[in-house]
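The values are calculated or read from the model by the stated rules, or taken from the named source; none is laboratory data. All figures in this text were calculated on a predicted structure; none of them were measured in a lab. FYI the Cβ positions are ideal-geometry reconstructions off the backbone, even for glycines, and counts take in every protein chain you see. For the accessible areas, the whole protein counts, side chains as well, though only heavy atoms, and no ligand, DNA or RNA atoms are used. Shrake-Rupley method; radii C 1.70, N 1.55, O 1.52, S 1.80 Å.
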Amino acid sequence: MNTRMNDVNRIGTAAIGCPVERSSTARCYRTAIRRGCLLLAMFAIFASLMFAQDLPTFRWENFTTANGLPDNHVYCVLVNGQRIWAGTDNGLGLYENGTWKVFRPADGLAHQAVLSLALDKHTGDLWVGTMGGLSRISAGRIDTYTQLNSGLSNDIVYGVAVQGDSVWTATAAGASRFNLRTGQWSLFNERNTPMFEIWNYAVSAAEDKVYLAVWGGGVLEFDQATEHWKDYNDPDGETEMVVMKDQGLIHEITTSVSYVDKILWVATYFGASRYDGRYWHNFLQKDSGLPSNFLSQVKGLDANRAWFSTDKGLAYYDGTNWAVYRPALDTHKPEMLVRDAQGNVKNIPVLSAPSHNYILGVDFQGDDLWVATAHGLSHGIRQKESVNLAKVFGSQEGKKPNEGATQ
Amino acid sequence: MPARADTRRDSRYGVFSRAKLDKLSSESPRSPQPTAPPTRFPRKLALLARFLSVVAVALLAIAAQPAPRQSAATPKQRYLSPLEMAITPDGRLLYVVCQDSDEVRVVEAASGKLVKSILVGHVPRAIALSAASRILFITNAWSDTVSVVDTTTLQVVRTLPTGFEPSGVIFDSRANALYVANRLSNDISVIDFKTGQETKRLLAGRGASYLSLSPDGKFIYCTHVYSNPGAFRSQPESEITVIDTATQTVVERKPLHNVAGAFHLTTSADGKLSVVAQLRPKNLIPLAHVEHGWVFGDSLSLFGSDVGGMVQIPLDELDRYYALPWGVAIAPDKSKLFLTTAGAQSVTVIDVRRLLQTVRTRRQPFVNDLSASADYVSSRIPVGHNPRGLALSPDGNRLYVANRLDDTISVIDTTSEKVISTLDLGGPKEVNALRRGERLFYTAEFAFQGGFGCSNCHIDATIDGLEWDLEPDGFGKDIVDNRSLENLAGTEPFKWNGGNPDMPTECGPRTEKYFFRSQSFNSQQLTDLVTFVYSLPYRPNRYRPPNDDLTPAQERGKAIFERTKSKQGAEIAETNQCGYCHSGPKYTNQRQFDIGSGKATDRSPIIDVPQLPNVAYSAPYLHDGSARSLEEIWTVFNPKETHGVTNDLTKDELNDLIEYLKTL
């Protein structure tokens, strides 16, 4: 070992890193290129870290029943180009060209309480999970599937996702997979999966894996190739006490899953988790920028960035830093909190905020956000100005974690 | 027992109805059969004569009963059955889809001379020519494929998979994409022609069948032979599914109100007028009203800037119907519209200028005003049996009409509106019992004023998905679902209450009395018709795996179907086991039971056990069609477990049972 090290040392390198002895010209160039690429990559990482110091700001426009929203309690939101679909407690709203159109059971919708939405990007069809079944809206026609007229496992459809020819639903009695080409329904429950609770809250489907958030039962993973199931559970059991923070899923009571770039993001009522297939990383209010451990949804943007819907505001994580957008919990005035990797927290002055703290879901329209809350739907219009944390925390001594943040 | 009930009903209503019918029937100038005695006879004598004729016909019908075995043994010749056509841009060649011989015949349009016969898949149904005319596409309904033919070599060069029962086909040359309407999977396959891979499946309506490309290439329209599923006993609603070819997505569904079967659609060259051939059924009122008004309205839907919104227009006349409008074509100069009426053996010619004038003048819907057709119909041209596909020569001077049950093509001079020649495609010269029976099945000539025939409800010898109030027993009594006709031998008796012991009874006196209200079939005709009906085979079952190697779900369902004990271990009464009633090769024990599905409107809750093969294709279910899906048979209509023991099943077990039933 030492001999080899000495050899390396003896061979040495020139200024550009090219071996000066026993090297052919070609090898020299190859090595130079390789090292150049390495430098470029390092620069890119550095640049991205610098960029990551910028947290987005938004101007918020809010919708309530006063300006056309079918109901103020908005369970979910979905963006399809310029069409915004809002699932509310009393109907499905479609916002297009500045006006709202509402779908209710009289129009063929399965139920007025709309819990979940999914878009079939191939066909443009919208799948609507409700408290009374699953509806498909296709160019204005509404077809409804219930536990009575179809193979749907249960009429309470908390989550829905479309992947290829399959429509996955997370229901109050297990999960269903509807094959759009054959019409076959496959049900997944405690009899054929490691699902020891059947209350499925959310589903996220990709080509390789499908994940279910099972309320009280952790996370289930379905391998599309082998059709095998695997469960992920809180190593501490169902206790709310976190004994081993990053040893596994943060809690059994999961409410949302988001699988993107082969990274699984999980929301629970007791914190959030990120899983890369090998390692878990968990997020708690006490040691992250989450404003609350009570989460209704997580939506991954990519492997490193995600949006968290909590009962105390909307949180954004860029892989290092955090931002929270909400009306202040005490004064209800617009508030944006930022937190850097060191735990420094600062309240950024803003003029608008989402319509309510209790966030239930989010979707993206380019750089803009649409946010479902317990009292209204909010449109976050991305502003050119970002919050540069280097400037924010470089100009003053950082506060202690969460200091100044009203939690 | 049910037969006695029929007789009783006849004694209550039949005399009056028949007397009136006879009067009306004698006014019908086009009835091909001798008419009933005119009413100028003394009433008693007429009644006696009528009674004797009914008895005689009944005896003849019974005597004419062909045994199923005899029917099955009838050799089936390979008739051609030309269904659809495409014509080359120079008007020289016709490509003719021959449904029964599984081929495309290439013939010279001028002489009918056969250039080549190209073998394609099983039961070819539709054809499309690429914009440059270098490629032909033929859907093979029973192979679930599209044959791709090189028009230079006239050979099949590729075969592409599709959905269930591919029908209409369109090639979008600009996007190099193939669109196929799948009748049984109710969707439209979008196939990347370069790779041959199906890239997406678009939701269509029920019975997606015919596709048409708008002249500007921006939209594809899809029509449907069945109406969309709706609430029980609601007005049928169909749609025109509109696909944007740029995004390859469905962007609109134009509603077709009160339409049960929509067939071909075409658009004028200027893109301003689109026309759909369609059937409007009156299935919500008793068929007793055959003589009071139409049972089916043969009509067109129009849309486009020439007419504004969707407009429906009648094709029939006050005392004559032109059944089963099917193929449509518009002259290049938009002067005339041509339409095959498949049940009336004719082509209807409409003057487009007068049609548009009528539409613009009449502000209220007038599709039920049968006098309106006189304003725009310029002629009715008799052609061959069961005319279907149309092709116009590029100059618009010649119209070619595929006479499906003659193996010929009528050539019509579009100026004189006369048939100038008939091209013989070269099918068998002998017209055997099967073909004679098929002609009877598809014609409307036997019904009062030519209103409808068997194939009005049994579209392409299948179903129509509707519930009917067939008999004159009062409004809303004995509602019945339309049953499948596939492979019926060995499933007797017929009718939902099992009241007709055999097919001659089903197709003979019953049809005369309660359906057609006009001429009955003579004994030979009845034999032929029954022979044809018995010859209808099963369509391919798409749910049964190759070699009957059932999937795990289907295996589990089979075990439930065959079980003798409930999950709690209790014995299931033999008569309440699935396999008791649904036994034998056709999954029926040919008996009648009360399974608790009777409604207050039913005279008796006892119904015939239906056969189950291909049950997946024949929604809705139960005798009256009240179960809109297989699931509802048990989730809604079996609360007391009178139709099998199912309340101990979990939802996934019920799904397994249904997966198994679909394989039968």
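Identify all residues within segment A:325-359 that are closer than 21 Å to A:PHE294 by Cα, surrounded by 18 or more Cβ atoms within 10 Å (Cβ to Cβ) and of a type in the set (D, E, K, R); write none if there are none. Once the filter is applied, which keeps residues that are closer than 21 Å to A:PHE294 by Cα, surrounded by 18 or more Cβ atoms within 10 Å (Cβ to Cβ) and of a type in the set (D, E, K, R), segment A:325-359 yields A:ARG326, A:GLU335, A:ARG339. If you go through segment B:616-642 and keep only what is assigned to a loop (DSSP other than H, G, I, E, B) and of a type in the set (Val, Ile, Thr), you end up with B:VAL636, B:THR642.
Given the structure, is B:VAL115 closer than 27 Å to B:ASP424 by Cβ, of a type in the set (Val, Ile, Thr) and either at pLDDT below 95 or assigned to a strand (DSSP E or B) (or both)? The answer is yes for B:VAL115. Inspection of segment B:470-479 finds a residue satisfying the criterion of being at pLDDT 90 or above and either assigned to a loop (DSSP other than H, G, I, E, B) or assigned by TED's automatic domain parsing to the domain that holds B:GLN525 (or both). Quick one: how many residues across segment B:406-431 are touching an Asp or Glu at 6+ places or on another chain (Cβ under 6 Å) and closer than 24 Å to B:VAL104 by Cβ? Here the count works out to 3. Just one residue in the set B:LEU302, B:LEU279 is over 19 Å from B:GLY465 (Cβ atoms), of a type outside the set (S, T, N, Q), in a strand (DSSP E or B) and not assigned by TED's automatic domain parsing to the domain that holds B:ASN456; that residue is B:LEU302. For segment A:57-73, state whether one or more residues are within 12 Å of another protein chain (Cβ to nearest Cβ), open to solvent by 60 Å² or more (accessible area, probe 1.4 Å) and hydrophobic (A, V, I, L, M, F, W, C). No, segment A:57-73 has no match at all. At pLDDT 95 or above, surrounded by 17 or more Cβ atoms within 10 Å (Cβ to Cβ) and more than 11 Å from chain A (Cβ to nearest Cβ): is that true of B:LYS651 in this structure? So B:LYS651 does not fit the description; no.
Quick check, is A:THR171 among the polar types (S, T, N, Q) and buried (at least 21 other Cβ atoms within 10 Å of the Cβ)? Yes: the conditions hold for A:THR171.
Consider segment B:149-193 and keep the residues that are surrounded by fewer than 19 Cβ atoms within 10 Å (Cβ to Cβ) and within 13 Å of chain A (Cβ to nearest Cβ). The one that is nearest to B:ALA126 (Cα to Cα) is B:PRO161.
With respect to B:ASN386, is the statement that it is touching a strand residue (DSSP E or B) at 6+ places or on another chain (Cβ under 6 Å) and either within 26 Å of B:GLY437 (Cβ to Cβ) or charged (D, E, K, R) (or both) true? No. Can you pull out every residue in segment B:103-134 that is charged (D, E, K, R), under 21 Å from B:GLY327 (Cβ atoms) and surrounded by fewer than 23 Cβ atoms within 10 Å (Cβ to Cβ)? Within segment B:103-134, B:GLU103 is the sole residue that qualifies. Condition check for A:ARG177 on (1) more than 10 Å from chain B (Cβ to nearest Cβ); (2) in contact with a strand residue (DSSP E or B) (Cβ under 8 Å, 6 or more places away or on another chain); (3) under 19 Å from B:GLU632 (Cα atoms): one failure, at (3). If you go through segment B:216-260 and keep only what is modelled with pLDDT under 95 and among the small types (Gly, Ala, Ser), you end up with B:GLY230, B:ALA231, B:SER234, B:ALA260. Of all residues in segment A:309-363, those satisfying the criterion of being polar (S, T, N, Q), in a loop (DSSP other than H, G, I, E, B) and either touching a strand residue (DSSP E or B) at 6+ places or on another chain (Cβ under 7 Å) or outside the structural domain of A:SER258 (by TED's automatic domain parsing) (or both) are A:ASN321, A:SER352, A:SER355, A:ASN357. Of the listed requirements (1) open to solvent by 60 Å² or more (accessible area, probe 1.4 Å); (2) touching a residue at least 60 places away in the same chain (Cβ under 8 Å); (3) touching a strand residue (DSSP E or B) at 6+ places or on another chain (Cβ under 6 Å), B:ASP594 misses just one: (2). Note on segment B:194-227: among residues that are more than 27 Å from B:ASP298 (Cα to Cα) and free of Cβ contacts under 8 Å to residues at least 40 places away in the same chain, the one that is least open to solvent (accessible area, probe 1.4 Å) is B:GLY196. Of all the listed residues (B:VAL401, B:VAL419), the sole one being more than 17 Å from the chain's Cα centre (by Cα), assigned to a strand (DSSP E or B) and surrounded by fewer than 20 Cβ atoms within 10 Å (Cβ to Cβ) is B:VAL419. For segment A:136-156, does any single residue satisfy the condition of being in a strand (DSSP E or B) and away from every other protein chain (no Cβ under 11 Å)? Within segment A:136-156 (the criterion being in a strand (DSSP E or B) and away from every other protein chain (no Cβ under 11 Å)), the answer is no, since none of the residues qualifies.
Of the residues in segment A:243-253, not one is closer than 24 Å to A:LEU369 by Cα, touching a residue at least 12 places away in the same chain (Cβ under 8 Å) and of a type outside the set (Lys, Arg). How many residues, within segment A:175-213, are under 16 Å from A:LEU115 (Cβ atoms) and open to solvent by less than 20 Å² (accessible area, probe 1.4 Å)? The qualifying residues number 8.
Each residue in segment A:64-113 was checked for being more than 22 Å from A:ASP368 (Cβ to Cβ) and part of a strand (DSSP E or B), and 3 pass.
In this entry, B:LYS513 is excluded by the filter for residues that are charged (D, E, K, R) and in a loop (DSSP other than H, G, I, E, B). Among the residues making up segment B:345-361, those that are open to solvent by less than 10 Å² (accessible area, probe 1.4 Å) and either basic (Lys, Arg) or touching a Ser or Thr at 6+ places or on another chain (Cβ under 9 Å) (or both) are B:SER346, B:VAL347, B:THR348, B:VAL349, B:ILE350, B:VAL352. Among the residues making up segment B:330-344, those that are in a strand (DSSP E or B) and open to solvent by less than 10 Å² (accessible area, probe 1.4 Å) are B:LEU337, B:PHE338, B:LEU339, B:THR340, B:THR341.
Take B:GLY389 and decide whether it is more than 23 Å from the chain's Cα centre (by Cα) and either within 19 Å of B:GLU108 (Cβ to Cβ) or of a type in the set (Gly, Ala, Ser) (or both). Criteria not met by B:GLY389. Put simply, of A:TRP168, A:TRP199 the only residue that is closer than 21 Å to B:PRO552 by Cβ and more than 14 Å from chain B (Cβ to nearest Cβ) is A:TRP168. Evaluated against (1) crowded, with 21+ Cβ neighbours inside 10 Å; (2) in the same structural domain as B:THR646 (by TED's automatic domain parsing), B:ARG517 falls short on exactly one condition, (2). If you go through segment B:247-256 and keep only what is out of contact with any Lys or Arg (no Cβ under 7 Å at 6 or more places or on another chain) and either in contact (Cβ under 8 Å) with a residue 40 or more places away in the chain or buried (at least 18 other Cβ atoms within 10 Å of the Cβ) (or both), you end up with B:THR249, B:VAL250, B:LYS254, B:PRO255, B:LEU256.
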